[in-house]
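Visitor: Sharing a structure here in structure tokens format.
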Amino acid sequence: MEQLSQWLWKQEYWLPPGIRWEDLEKMEGSRRPLPRDLLLALPLALGFIMLRYAFERGVAFPLSRVLGVKDQVRLKVAPAPNLEAFYTKNSRQPTQSEISSLVNQCNLTHRQVETWFRNRRNLDRPSNSKKFCEASWRFVFYLLAFTAGLASLINTPWFWDQRECWRGFPRQPVQDAHYWYYMLELGFYWSLLLCVSVDIKRKDFKEQIVHHFATIFLLGFSYCSNYIRIGTLVMLVHDSSDFLLESAKMFNYAGWKKTCDSLFVIFAAVFLVTRLVVFPSKIIYTTLVLSMEVFEPFMGYYFFNALLLVLQTLHIYWAYLILRMIYKFLFLGKLDKDERSDVESEPEEEENEEEEEEEEDRSSWRKRKVVLDSRLAMLSSSCVLNNLTNQKADANRRLPKAR
């Protein structure tokens, strides 16, 4: 265990060439970053989970009723022990062959078994109230984190000139405000990761997991290596748009479509500017290029920049989803729901429902077409009969003259 610890904390991994851990201990200032400080993030994460539980029930849920959030009425399923056992133990979406087998076991029709599974899946889907409460919690945290982070950074020299991030590096004392900014952000992302099994699974679930892990590794490594100045800028850039997205979701669940659309447009503009312009041109450029003016590359340099590039890859993916929505809004005249993270990850269910709706539309159209064809046939036959009658009457009128 001791050998593993010595290998893990080799100064060549964490610090630039020529810098030792002893040099950081001689650093002036009231606080210097220590790896053991990161242990505070775990109790903070548990505290965030308990605070979230109280907030969602005491604040967010009553607020959802004030704003008019309505939950869809879900049809209850008839008791079917064989179907319930298959649903819980095997699969929520059985194949056609499995449905045929279940039909023989339950004495139900093929259509009834499909309907039972669809209604059962709908019962497990999160309600609008649950989604509103989750979005409200994230909105409050991101808004407070962005406001506090901006207040603590706006008067710092590295906020305006990113070269200041490396002046005197790594012998840079940590201010108390930035220490707590780090610990609270790290604790919050740990709470998101611990609650991932009970939170709503969305369309970009895997990307969100990668994002949480990359953020936790990024915050932890940057704190131990005293990349705190650049780390605070990374957190501020991310928090600047996240609270706008969560507010748009809240109004979407409440049915305030115009407010939701307006907030989403503002979010899209802020997201595209901060994640595709500011983040690569200021943050990544600072860590990749400007840092080389102070020290030579080392392992921590490559690891830190690799995590930043992972985040930038996710930014590009989410920007693609947002731009696709903007395209639909401009050329189709409607703004669909947020494709970035607001759609639950059950595409098969949605596709099946869409197919059923299309089939119903086609069947109703066929019925209308049959009725329309019959009426057209009657109309055409009556027109033919009228023409024949008129021709016969004209012939009868001309017959006496001819005689």
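The values are calculated or read from the model by the stated rules, or taken from the named source; none is laboratory data. This structure is a prediction, so every number in the text was calculated from the model and none was measured. Don't worry about glycine lacking a Cβ; one is built from the backbone with ideal geometry, like all the others, and counts go over all protein chains shown. Keep in mind that these areas ignore ligands, DNA and RNA; they rest on the heavy atoms of the full protein, side chains included. Shrake-Rupley method; radii C 1.70, N 1.55, O 1.52, S 1.80 Å.
Visitor: For Tyr182, which of the numbered conditions (1) part of a helix (DSSP H, G or I); (2) closer than 23 Å to Ala135 by Cβ fails to hold?
Guide: Condition (2) is where Tyr182 drops out.
Visitor: Here's another thing I want to ask about it. Have a look at Ala60, Ala54 and point out the one that is surrounded by 15 or more Cβ atoms within 10 Å (Cβ to Cβ) and in the same structural domain as Phe132 (by the TED database).
Guide: Going through Ala60, Ala54 in turn, just one is surrounded by 15 or more Cβ atoms within 10 Å (Cβ to Cβ) and in the same structural domain as Phe132 (by the TED database): Ala60.
Every residue, every condition in (1) part of a helix (DSSP H, G or I); (2) surrounded by 13 or more Cβ atoms within 10 Å (Cβ to Cβ); (3) out of contact with any helix residue (DSSP H, G or I) (no Cβ under 8 Å at 6 or more places or on another chain), yes or no:
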site: Thr286; (1), (2), (3): yes, yes, no
site: Met292; (1), (2), (3): yes, no, yes
site: Pro297; (1), (2), (3): no, yes, yes
site: Tyr302; (1), (2), (3): yes, no, yes
site: Leu307; (1), (2), (3): yes, yes, no
site: Gln312; (1), (2), (3): yes, yes, no
site: Ile316; (1), (2), (3): yes, no, no
site: Tyr320; (1), (2), (3): yes, no, yes
site: Met325; (1), (2), (3): yes, yes, no
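Visitor: Is it the case that Phe217 is touching a residue at least 24 places away in the same chain (Cβ under 8 Å) and hydrophobic (A, V, I, L, M, F, W, C)?
Guide: yes
Visitor: On to the next question. Out of everything in segment 123-147 that is surrounded by fewer than 16 Cβ atoms within 10 Å (Cβ to Cβ) and assigned to a helix (DSSP H, G or I), what residue ends up being modelled with the lowest pLDDT?
Guide: Asp124
Visitor: Which of the residues spanning segment 82-100 are part of a helix (DSSP H, G or I) and either in contact (Cβ under 8 Å) with a residue 24 or more places away in the chain or in contact with a helix residue (DSSP H, G or I) (Cβ under 9 Å, 6 or more places away or on another chain) (or both)?
Guide: Once the filter is applied, which keeps residues that are part of a helix (DSSP H, G or I) and either in contact (Cβ under 8 Å) with a residue 24 or more places away in the chain or in contact with a helix residue (DSSP H, G or I) (Cβ under 9 Å, 6 or more places away or on another chain) (or both), segment 82-100 yields Asn82, Leu83, Glu84, Phe86, Tyr87, Gln96, Glu98, Ile99, Ser100.
Visitor: Got a number for residues in segment 28-77 being closer than 24 Å to Leu193 by Cβ and part of a loop (DSSP other than H, G, I, E, B)?
Guide: Looking only at that region, the number is 2.
Visitor: Where residues in segment 193-207 are farther than 16 Å from Ala45 by Cα and part of a helix (DSSP H, G or I), which of them is least open to solvent (accessible area, probe 1.4 Å)?
Guide: Here the answer is Glu207.
Here is a yes/no grid of residues against (1) open to solvent by 20 Å² or more (accessible area, probe 1.4 Å); (2) farther than 29 Å from Pro17 by Cβ; (3) hydrophobic (A, V, I, L, M, F, W, C):
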site: Phe117; (1), (2), (3): no, yes, yes
site: Pro173; (1), (2), (3): yes, no, no
site: Trp180; (1), (2), (3): yes, yes, yes
site: Glu185; (1), (2), (3): no, yes, no
site: Ser191; (1), (2), (3): no, yes, no
site: Ile209; (1), (2), (3): yes, yes, yes
site: Leu219; (1), (2), (3): no, no, yes
